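So the structure is just underneath, and the comments pick up after that.
The values are calculated or read from the model by the stated rules, or taken from the named source; none is laboratory data. Here the structure is a predicted model, which is why all the values come from computation and not from measurement. Cβ placement follows ideal geometry from the backbone for every residue including glycine, while neighbour counts extend to all protein chains displayed. Note: areas computed on protein heavy atoms with side chains; ligands, DNA, RNA excluded. Shrake-Rupley method; radii C 1.70, N 1.55, O 1.52, S 1.80 Å.
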Amino acid sequence: MRPPSQLRAAACALIVVARASLQPRSGASPISGAGPIPVIDLGRVARGEFHDDDVAALRDACAFPGFFHVVNHGLSDEVLRGFEAAMRRFFALPTATKRRVKRTRDNSRGFADDEFTKRTRDVKELYDYGHAPRPDLPPDARENRVMDG
């Protein structure tokens with residue numbers, strides 16, 4: 001079994017903050033022919049009772065379909081509403097303003113609007129964020145360079 005801090009860090013790095021209303025009520029995917037949206041329950045993680053099957057479920061959801069719905073994450077409705085409001089304010093800004101915090105080759109965190117899939121530019125904007133394993137060190141310290149953007 002992995003240490004709780006290791007799985008918590010992985011969960012924080014991969015967590016998708018979602019509201020229950022975003023998950024289809026039937027559990028079926030809105031994509032024709034696709035399976036249900038995976039649900040990742042962080043309740044056991046929060047209690048330090050997770051097992052390898054929890055890690056495998058998270059790994060599998062990240063691999064296919066590549067997204068998931070998180071439940072029992074411990075975030076209050078107030079925190080979720082604040083996060084959503086902040087993201088809506090950010091994405092409403094002019095593109096030039098958002099590009100001031102653009103991801104770079106050396107920084108996997110920040111705004112992006114220039115991703116490609118199969119040599120075709122994606123029609124999306126995103127903001128990658130993640131955890132700092134060593135918050136006691138500067139953000140650009142080697143120990144805080146992780147691939148969880």
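What order do you get for 48-56, 84-92 when each peptide is scored by the mean count of other beta carbon atoms within 10 Å, highest first?
Details: 48-56: 13.7, 84-92: 10.9.
With the highest mean Cβ count within 10 Å placed first, the list reads 48-56, 84-92.
Averaged per residue, what accessible surface does region 30-99 expose to a 1.4 Å probe, in Å²? Walk me through the numbers before you get to the answer.
Working: 4490 Å² over 70 residues.
Averaged over the residues of region 30-99, the accessible area is 64 Å².
Over region 65-149, what is the relative contact order in whole percent, taking alpha-carbon pairs under 8 Å and six or more residues apart? Numbers along the way, then the final one.
Details: 65 pairs, mean separation 14.4, N = 85.
The normalised contact order for region 65-149 reaches 17 percent.
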Charge-dipole axis of region 31-114 as Lys and Arg at +1 and Asp and Glu at -1 on Cβ define it, positive-most pick from F68, V55, T104: T104
Nonlocal amide H pairs with D41, under 5 Å, H built at 1.01 Å: V71
Region 99-142, accessible surface, carbon-and-sulfur percent (1.4 angstrom probe): 49
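What's the Kirkwood radius of region 96-149 in Å, using all Cα pairs? Numbers along the way, then the final one.
Numbers: mean 1/r = 0.0808 Å⁻¹.
Taking the inverse mean of 1/r over all distinct Cα pairs, region 96-149 comes out at 12.4 Å.
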